[in-house]
Amino acid sequence: MNYILGWSIAFLIGASALNVAMANGEGRDQALTRFVVPMLFGASLLVLWEGITRGLNVPGVILPAPSAIWETFQANLGTLREDFVQTFIKGALSGYVIGAVAAFAVALLVDASDFLRRGLLPVGNFMAALPIVGIAPILVMWFGFDWQSKAAVVVVMVFFPILVNTVEGLRATDRMQRDLMRTYAASYWQTLLKLRLPAAMPFIFNGLKISTTLALIGAIVAEFFGSPIRGMGFRISTEVGRLALDMVWAEILVAAIAGSAFYGFVAFVESLVTFWHPSQRRK
Amino acid sequence: MADVALANHARGGAVGAGLRRMSAALVPVVVVVAAIIALWYVACVPMNIKEALTQAERAGAVIDPPSAIERRDASAIGLVFRNSDHIGATFGQERPRLPAPHQVGQELWNSTGDMVLRGRAFSKRSLIYHAWVTLSATVLGFAIGTVAGVALAVGIVHSRVMNMAVMPWAIASQTIPILAIAPMIIVVLNSIGITGLIPKALISAYLSFFPVTVGMVKGLRSPDAMQLDLLRTYSASQSETFWKLRLPSSMPYFFTSMKIGMAAALVGAIVGEMPTGAVAGLGARLLAGSYYGQTIQIWAALFAAAILAAVLVGIIGAIQGVTLKRMGMAR
Amino acid sequence: ADEVTLQLKWVTQAQFAGYYVAQDQGFYEEEDLDVTIKPGGPDIAPAQVIAGGGADVVLDWMPSALASREKGLPLVNIAQPFKSSGMMLTCWKDTGIETPEDLKGRTIGVWFFGNEYPFLSWMSKLGIPTDGGEEGVTVLKQGFNVDPLLQRQADCISTMTYNEYWQVIDAGVTPEELITFKYEDMGVATLEDGIYVLEENLEDPEFVDKMARFVRASMKGWKWAEENPDEAAMIVLDNDETGAQTETHQKRMMGEVAKLTAGSNGALDPADYERTVETLLGGGSDPVITKEPEGAWTHDVTDKALN
Amino acid sequence: MGTMETGMQTDSLEAGTEAAAASPVVIEARKLDLTFQTNDGPVQALRDVNLTINKGDFVSFIGPSGCGKTTFLRVVAALEHPTGGAITVNGMTPDEARRERAYGYVFQAAGLYPWRTIARNIKLPLEIMGFSKAEQDEHVDRVLKLVDLEGFGGKFPWQLSGGMQQRASIARALAFDADILLMDEPFGALDEIVRDHLNEQLLELWDRTGKTIGFVTHSIPEAVYLSTRIVVMSPRPGRITDVIESTLPRERPLDIRDTPEFLAIAHRVREGLRAGHAYDD
Amino acid sequence: MGTMETGMQTDSLEAGTEAAAASPVVIEARKLDLTFQTNDGPVQALRDVNLTINKGDFVSFIGPSGCGKTTFLRVVAALEHPTGGAITVNGMTPDEARRERAYGYVFQAAGLYPWRTIARNIKLPLEIMGFSKAEQDEHVDRVLKLVDLEGFGGKFPWQLSGGMQQRASIARALAFDADILLMDEPFGALDEIVRDHLNEQLLELWDRTGKTIGFVTHSIPEAVYLSTRIVVMSPRPGRITDVIESTLPRERPLDIRDTPEFLAIAHRVREGLRAGHAYDD
Ligand SMILES: Nc1ncnc2c1ncn2[C@@H]1O[C@H](COP(=O)(O)OP(=O)(O)OP(=O)(O)O)[C@@H](O)[C@H]1O
Ligand SMILES: Nc1ncnc2c1ncn2[C@@H]1O[C@H](COP(=O)(O)OP(=O)(O)OP(=O)(O)O)[C@@H](O)[C@H]1O
Ligand SMILES: Cc1ncc(C[n+]2csc(CCO)c2C)c(N)n1
Ligand SMILES: [Mg+2]
Ligand SMILES: [Mg+2]
C-alpha cells in the first residue's frame, strides 16, 4: 500500500489512541486536555486528508491538499481580508444585528398580545421553512448587488430562530415568579425588565447562537446570486470556475474560523450574561 | 338544582369545547394571514410601480417624470402618488418585482391542482412532479442524516473521547458553507462513482445530521441521576441502560430534533438540486425561474417548498403524537 | 456500443441542440455510441467534472479551458462547432452610452465563473480599469438573469445573442431602447462551446476513434439542427427536465445559434485559436493565461471524423 | 357527617369572630366560591368558605392535598378571583389591597431569582415600590439580620443551602412593611431542626411586629405550635371543616410541644383532618 | 462536645451490636470515610462511620441536611465507593452484593419511568434480572396487591396521585426478593395523613417479610414509629452522633405515638439531633 497514506492512517490511529488515553486518564477534566484532545483529533483528520490527496495523487482541481490550501491562504491574505470585510463584517454582521433587534422587538410585541402570538407563530414557522436559496435571488433583485442584499438575506434567516426562542423565553418564567411580581403590584415594564428578560436570556442566547452560523452561510450563499467583485461567496464561486480550488478552500477556512469564532464569542457573552443558569454553573 | 345546572353546563361545554378550541387556534392565524396578504398587496404597488410606468410609457402614456432614467432615482412612493392611475397595473405584471398574492396562488394552482385535473400531475411542468423529485432526495438524506446523527450521539454519550474530540468539530462543520461547496461535493462524489440521487441526499444529510446529534445528545443525557442509579441497583448493563432508559427518555428530544432535521434536509436537497445540472426538483425549478426572471414561478416554487416542509414536519409531528401517546409521555 | 458521457456548459437549451438532435435522430447510435448528455448549471465547471471523471468529454469556452490548462488540467480542444462568439454587452440607450468609451463610470454586469475573461481582456484593451471610479467601470457579478438591467441596477449587462438578449426583449423592452456591443465586432471575440477532452486520453487510439465518431455524429446533429431549426428546438424542449423552457424562446434561440455554428464543419480554425489566445494574453495586469499554451488543440480527431 | 361539619364550621367561625372582636378585622371572606374550568370539567377549589381574620392573628391552614389552601391564600392576595361570594382585605377588595402593597407573600419554594444576589433579591420589591437607594440598603441589612443571613447578601441563591434560600425568601417578604404576611408551606422543604429554628424565629417576629399571618402547612405540630387559630380544610369541594382556637399562651418555647395541652390540640387537628381525608387515592 | 459525641456513638454502637448478636449481621461498616472532591475543595460526606445492621433490623437514619444519610445508603448499595474504611454486605463487598441483586432501593421521589405503565415499571427489574414472562406477571400481581394497587397496573404514573406513585415505587423495589430494602426519604413529598397510612403499611410488610430495612427520614415521629434502631447523624463532616434502640413493641398501632414511651424516644432523638445541628447554614 501507498506509504504516505499508510503513514497518515498510522498517525490517525496513534492520535486516537493518545486521545483515548488522555480522555480517560488522570487529567481528563483539565482545561488543557479539553483543548488538546479535539485539536489532536482535528490535526489527525488534516493529516489523513493530506495523506489521501498526496498518496492517491488526487488532482488539485478536485481536492487540494491542506498544505496547498495553507500556502494559498498565506499568499492571499489581502484578498481574503477584503472578502472577509465585505461578507462577514458588512453583510453577515449587520444583517445579524438588524435581524436580532427586529426579532427581539417583534417578540416583545407578540408577547404582549396572546392573539398575535397564536396568529404569528404558526405563520412564522411556515415562513421559516422557506429555503433561503430561493429568497436570495429575490432579495438581490430588491436590495441591489452590494452588501445590503446580503444583509437582507441574513435578516430573513436569523429572524425566526431568534423570534421563536425569545417568545418562548419570555414565557419561560414560572407562575410563582410572576405571581411574586403581582403581589408587589409591579408594572408591565418592571416585570419585563426585572423578571422576564433575565429569565429569557438563556433562550434568547440559544437563538443567537444558532443564528451565528446561519448568518455567515446566508451572506455567502446570497453572493452566488449577484455581488460586487469581492466577497467570500463571490470568490468561492468565481474561483471554482477558474479551478483555483486551493483559493476556494482558503475562503472556506476563513469562513470556518470566522463562524467558529463568532459562535464562540456569542457563547462567551452568554456565559457572562447567564452565569446563573444551571447549564453554565457546572463548569 | 344548582348541581344539575352545573352538570348541564359542563356537558354543553364539553361539546362546544372542541369547536371552541379549534376556532380559538384558527382565528388568530386567519386574521394574521389576512393582514399579511393585505400588506402584501399594498407593498406590490411601490415595488412594481417603476416597471408599470415604463410599460405605460411604452404604450404611449404620459408619465411624471417622463424618462425612465429620472424615475430610476425617484422614490417609489412618490411615483405612486404622482401616477396614481397606474396603480392597477402593479398587480398583473408578467415579471413583477413582487408578484401579487393572487398571481402566486394562480401559478400554484396552474402547476398543481389544475395539472391533476388534466391528468398531468407528473408532467415536467407540474410542481407535484418537482416536489416529488425533491421529496425523494429529502427523505433519503433525512434518513441518512438521522441515522448518522443518532449514531454519533450514541457514540458521544457513551464515549468520553468522542464527546471531547468530536463535538467541537461537529459545531465547526456547520460553519462551513456547505451550500457554497455543494457543486464541488457533487463533482468529488461523481469522481468516485457516486451519482444520481445520492449526492443530493448526502448534502441534505450533512445539513440534517447536526440538529439530530445535538438533540439526541441532550435526550440521551436527559435521564436524571436517580433514574440511572435505579438501574445500577439492578446491575443493569450498558445496553440495558440504553434500551430501557436512555432511548425511551430521549424520545421527545428525538422528535423535536427530527423536525428541525427534516426542514434542514429539505433545504439541503433543494441546494443539492441547483448545481446538479438543474434537472428536476423544486431547486431546479427555483433556479430555472430565477434564470428566466420568472418571479411568479419562483414564488410558487418557494411556497411549494414551504408547504412540503410543513407537510413533512406535520407528519413527524403526527408520528410523535401517536408514539408519545402510546408511550404514555403525551399528556 | 461505446459509452460516452458529455457534460454541457449550461442548462438544457437550444445552445446544445446539435447534441440532442444527434441523440434523438439516432446519429450516435449509427456510430455505435451510447451517449449520456449531462446538463450543466450555474455552478457546474465542466473542467472540474472531467477532472473528476464525471464525463469523457465536455463543452467549454476556450478562455476558461485554457485557464484550466494553466492550472494543471490538460484540456485539449478536439472540435469547435461554434465558429463565432455570441457574447455581447447590452446597455440602455437612454443612459447615453454610444461607444465603448462611454462605459467609463458605468456599472456593468459580468458573468464570472470563468466567463469573465473576454470582458476583462476587452476592458484592458480599451484601457478602462475595472475597479470602479469615474474613469473605470464598476463591475457586478451578474446573476443568472437579466433583472439587473431591467431593474436598472446596472447600465449594461452581458448577454448572449441567442438567449439573454431575447429575455430583455421579452420583458417588453424594444430593441430601440437598447444598444449592444458584440464581442465579435469589438475584435475581442473568443471561441465558445468547443469540445474538450483530457490530453492523456488522446494517447489511446481507441479513444481517439470513439471521439472521431462522436464528433462526426454531433456535427451531423448540428447541421441537421441548422436545417430544421424548429424541429431541433422541439427536440431540445423534449429533453428539458425542468419544464421551464418555452417553445418560442427555444425556436428563436435555435435560429440565433444556427448563425454561430454556420461557418464551422467541426474542425478548429487555427486562426480563430490564435486570435483567442492573443486576446487573452492581452489581458493587462491580471492576464488569464500568462504564456502561449502548447498542445491545447488537435486536429487528430476532426481529421479522422471528417475525412 | 356533612351536616355535622357544617355546624362545626359555623360555630367555630362565629366563636372566632366574637372572641377577637376587639382587634379590627383584616380579612373577611363570606360564602367564597371558586371554580376552575379545566378540560376535564370544572373543579370546585373553594366552596362556601366563611372566615374572618383579625389584626394580629396567626392563622394556619391545614388539610390534605388539593383542599384549596393555596387557592384561598391566592384569593386573599388577589392572584385568583373568586367566582362567588365576597372577600374584603382591610375593607378593600383584594386587588385594591394589592395595589396598596398590603401583602408579603412567601411561596412554597423559595423562588429567588437566580440572576440576582441575595441582597438584590431582597431589594427587588423595594426597587419596584420606589424606595430610595439608602432605604433599600437599610432594609436589606435589617431583614438579613432578622433571618440570620448577615454576610450572605453578596452570594447567589444557588450558592446557599435550601434552608438559607428559604430564609432569604422570607426576608424578601419582610423587607417592605406589609401588614399581612401570607406564607404557603414556607418550610415544606426543610429538615425538622431547621424548621424548628425558623418556627421559633417566625413566632418571635410575629410577636414583635404584630403582623397578621396566614400560614399553610402540612405539619400538624407546626400548625399547633405557631397559630392562634387553625383552619382545617377538606377537599372535593375545597371547604373549611373545622376552625380550632389555640389555647396555648403567646409565649411558646419549643418544648411546649411535649405538653398535654399541645397534644390535645394536635389530636383534635389530626381527628379533624382524618375525618376530611378520603382514602380513595 | 465533640468528645462526648464520639463517646456516645461508640457506646450505643457497641450496645446495638451486642443486643442483636443473635441474628446474623447483614451490613457491617468499619471506619467508613467518604470524601467528595468538588471544585471548592473536598467535602467529607462520611467520616469514621461504624455501624452494624443485623438481619430483620429496621434502621432509620435521621439528621440535618447534608449529614451523609443518602451517601451512606448509596455506599451500601454500591452507588458510591468509600474513600476509606471497610464495608461488607452479607459478607461480600457492596459491589458483589449488588451483582447478587441483594438490594431494593426506593428513592426520595417515586422515580417511575413515565413511558412505562405501573405494571411495566414494576417489571423493569424483573426484565433485567431475566425472570420469565410468567414469573414477571406473577410477581407484579403479588406486589401490586401488597401495596393496595390492584387494578392500577395498566395506568401510567402520571395518572396516579403522588401517594399512589410512591407506593408503586415501593412495589417495584419489592418485586424481586431483595433481602435489603434501602429507602431514602420515600415519604418526603406526601402529606401527613397519607404518610401515616403508608407508614402503617410499611410496618406491616416488614413484620410479615422480615426484611432488613434502611430508612432515611427527616421526621422524628416517623423515625420513632417505624424503627427498631434510630441512627442520628450530624454534618460537616458527616458522622454518626447517636444510635438509639427503640423500646417500643413490634406491634405498633398509630396512636402509639401519643404514649409517653414514644414521646420519650422522640425527645431523645430530638435532643441528639439538636446537639449535632450547626446553626451556621
Ligand atoms: N389554576 C388552576 N386551574 C385548575 N385547577 C386548579 C388550579 N389551581 C388549583 N386547582 C385545583 O384546585 C384544587 C385546590 O388546589 P390548591 O392548590 O388550592 O390545593 P392545596 O390545598 O394548596 O393543595 P397542596 O397541599 O397540594 O398544595 C385542586 O383540586 C387543584 O387541582
Ligand atoms: N456527588 C457529590 N459530589 C460532591 N459532593 C456531594 C455529592 N453528593 C453529596 N455530596 C455532599 O456530601 C454531603 C452529604 O450529602 P448527602 O446527600 O449524603 O446528605 P443527606 O444527609 O442525604 O442530606 P439531605 O437530607 O439534604 O438529603 C453534602 O455536603 C453534599 O453536598
Ligand atoms: C453563473 C453563470 N453565468 C453565466 C455563465 C455563462 N454561460 C455559459 S453558457 C451560457 C449560455 C447562456 O445562454 C452562459 C451565459 C455561466 N456558465 N454561469
Ligand atoms: Mg398548595
Ligand atoms: Mg439525602
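The values are calculated or read from the model by the stated rules, or taken from the named source; none is laboratory data. A quick note: this is a predicted structure, and the numbers were derived from the prediction, not measured. Backbone-built Cβ (ideal geometry, glycine too); neighbour counts: all protein chains shown. The protein model used for the area step is the full one, side chains on, heavy atoms only, and it has no ligands, DNA or RNA in it. Shrake-Rupley method; radii C 1.70, N 1.55, O 1.52, S 1.80 Å.
Values as computed for the structure displayed
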quantity: Scope region E:131-162; condition modelled with pLDDT of 90 or more, out of contact with any helix residue (DSSP H, G or I) (no Cβ under 8 Å at 6 or more places or on another chain) and part of a helix (DSSP H, G or I); matching residues; calculated: E:133, E:134, E:137, E:138, E:141, E:142
quantity: Selected residue (only one of D:155, D:123 is within 30 Å of residue D:72 (Cβ to Cβ) and basic (Lys, Arg)); calculated: D:123
quantity: Of residues in region A:121-157 being among the β-branched types (Val, Ile, Thr) and over 20 Å from residue C:148 (Cβ atoms), the one farthest from the other protein chains (Cβ to nearest Cβ); calculated: A:155
quantity: Unique residue being within 30 Å of residue C:147 (Cβ to Cβ) and open to solvent by 20 Å² or more (accessible area, probe 1.4 Å) when the list is A:161, A:228; calculated: A:161
quantity: Given (1) at pLDDT below 90; (2) open to solvent by 20 Å² or more (accessible area, probe 1.4 Å), number of the condition residue A:102 does not satisfy; calculated: (1)
quantity: Enumerated strands (runs of 3 or more DSSP E) restricted to region D:36-130, each holding at least 1 residues that are of a type in the set (Val, Ile, Thr), open to solvent by 10 Å² or more (accessible area, probe 1.4 Å) and away from ligand 3 (no atom under 16 Å from the Cβ); calculated: D:41-54, D:84-89
quantity: Selected residue (criterion: most open to solvent (accessible area, probe 1.4 Å)) from residues of region B:71-115 that are away from every other protein chain (no Cβ under 14 Å) and assigned to a loop (DSSP other than H, G, I, E, B); calculated: B:75
quantity: Test result for residue A:79, open to solvent by 40 Å² or more (accessible area, probe 1.4 Å), of a type in the set (S, T, N, Q) and in a helix (DSSP H, G or I); calculated: yes
quantity: Residue A:207 being at the interface with chain B (Cβ under 10 Å from one of its Cβ atoms), in a helix (DSSP H, G or I) and under 30 Å from residue B:183 (Cα atoms); calculated: no
quantity: Single match in B:309, B:225, B:300, B:264 (criterion: surrounded by fewer than 24 Cβ atoms within 10 Å (Cβ to Cβ) and small (Gly, Ala, Ser)); calculated: B:225
quantity: Any hit, region B:74-87, residues being of a type outside the set (Gly, Ala, Ser) and closer than 27 Å to residue B:291 by Cα; calculated: no
quantity: Conditions (1) assigned to a helix (DSSP H, G or I); (2) β-branched (Val, Ile, Thr); (3) under 29 Å from the mean Cα position of the chain (by Cα); number of the one not met by residue A:4; calculated: (3)
quantity: Failed condition for residue B:68, given (1) surrounded by 18 or more Cβ atoms within 10 Å (Cβ to Cβ); (2) under 19 Å from residue B:91 (Cβ atoms); calculated: (2)
quantity: Residues satisfying the stated conditions in region A:153-209, i.e. within 27 Å of residue A:129 (Cα to Cα) and in contact with a Lys or Arg (Cβ under 7 Å, 6 or more places away or on another chain); calculated: A:167, A:170
quantity: Residues being open to solvent by 10 Å² or more (accessible area, probe 1.4 Å) and more than 13 Å from chain E (Cβ to nearest Cβ) - total across region D:204-228; calculated: 8
quantity: Enumeration of residues in region B:116-132 that are assigned to a helix (DSSP H, G or I) and either open to solvent by 20 Å² or more (accessible area, probe 1.4 Å) or more than 11 Å from chain C (Cβ to nearest Cβ) (or both); calculated: B:116, B:117, B:128, B:129, B:131, B:132
quantity: Single residue of C:37, C:78, C:44 found to be β-branched (Val, Ile, Thr), in a strand (DSSP E or B) and surrounded by 24 or more Cβ atoms within 10 Å (Cβ to Cβ); calculated: C:78
quantity: Only one of E:153, E:162 that is over 17 Å from the mean Cα position of the chain (by Cα), within 16 Å of ligand 4 (Cβ to nearest atom) and over 20 Å from residue B:235 (Cβ atoms); calculated: E:162
quantity: Residues of region B:149-179 satisfying the condition of being polar (S, T, N, Q), under 23 Å from the mean Cα position of the chain (by Cα) and not in a helix (DSSP H, G or I); calculated: B:174, B:175
quantity: Residues (hydrophobic (A, V, I, L, M, F, W, C) and either part of a helix (DSSP H, G or I) or closer than 30 Å to residue C:78 by Cβ (or both)) located in region C:167-194; calculated: C:168, C:169, C:186, C:188, C:189, C:191
quantity: All helices (runs of 4 or more DSSP H) inside region C:227-300 with 2 or more residues being in contact with a helix residue (DSSP H, G or I) (Cβ under 7 Å, 6 or more places away or on another chain) and surrounded by fewer than 20 Cβ atoms within 10 Å (Cβ to Cβ); calculated: C:229-239, C:247-261
quantity: Residue count, region E:40-66 (criterion: more than 8 Å from ligand 2 (Cβ to nearest atom) and among the small types (Gly, Ala, Ser)); calculated: 3
quantity: Test: residue in region C:189-198 that is farther than 21 Å from residue C:307 by Cβ and in contact with a Gly (Cβ under 7 Å, 6 or more places away or on another chain); calculated: yes
quantity: Unmet requirement for residue A:118, which otherwise passes all of (1) away from every other protein chain (no Cβ under 12 Å); (2) in contact with a Pro (Cβ under 7 Å, 6 or more places away or on another chain); calculated: (1)
quantity: Qualifying residue in region A:171-191 (condition: open to solvent by 10 Å² or more (accessible area, probe 1.4 Å), within 14 Å of chain B (Cβ to nearest Cβ), in a helix (DSSP H, G or I) and not aliphatic (A, V, I, L, M)); calculated: no
quantity: Enumerated strands (runs of 3 or more DSSP E) restricted to region C:89-166, each holding at least 2 residues that are open to solvent by less than 10 Å² (accessible area, probe 1.4 Å) and either within 13 Å of chain A (Cβ to nearest Cβ) or more than 16 Å from ligand 4 (Cβ to nearest atom) (or both); calculated: C:107-110, C:156-160
quantity: Residue count for region D:185-203, restricted to those that are within 16 Å of ligand 4 (Cβ to nearest atom) and open to solvent by less than 10 Å² (accessible area, probe 1.4 Å); calculated: 2
quantity: Residue within region B:134-155 that is surrounded by 15 or more Cβ atoms within 10 Å (Cβ to Cβ), within 13 Å of chain A (Cβ to nearest Cβ) and under 30 Å from residue B:241 (Cα atoms) present; calculated: yes
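To keep it simple, each residue is scored yes or no on (1) within 14 Å of the chain's Cα centre (by Cα); (2) in a strand (DSSP E or B); (3) within 16 Å of ligand 2 (Cβ to nearest atom).
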{"site": "E:177", "(1), (2), (3)": "no, no, no"}
{"site": "E:183", "(1), (2), (3)": "yes, yes, yes"}
{"site": "E:186", "(1), (2), (3)": "yes, no, yes"}
{"site": "E:193", "(1), (2), (3)": "no, no, no"}
{"site": "E:215", "(1), (2), (3)": "yes, yes, yes"}
{"site": "E:236", "(1), (2), (3)": "no, no, yes"}
{"site": "E:250", "(1), (2), (3)": "no, no, no"}
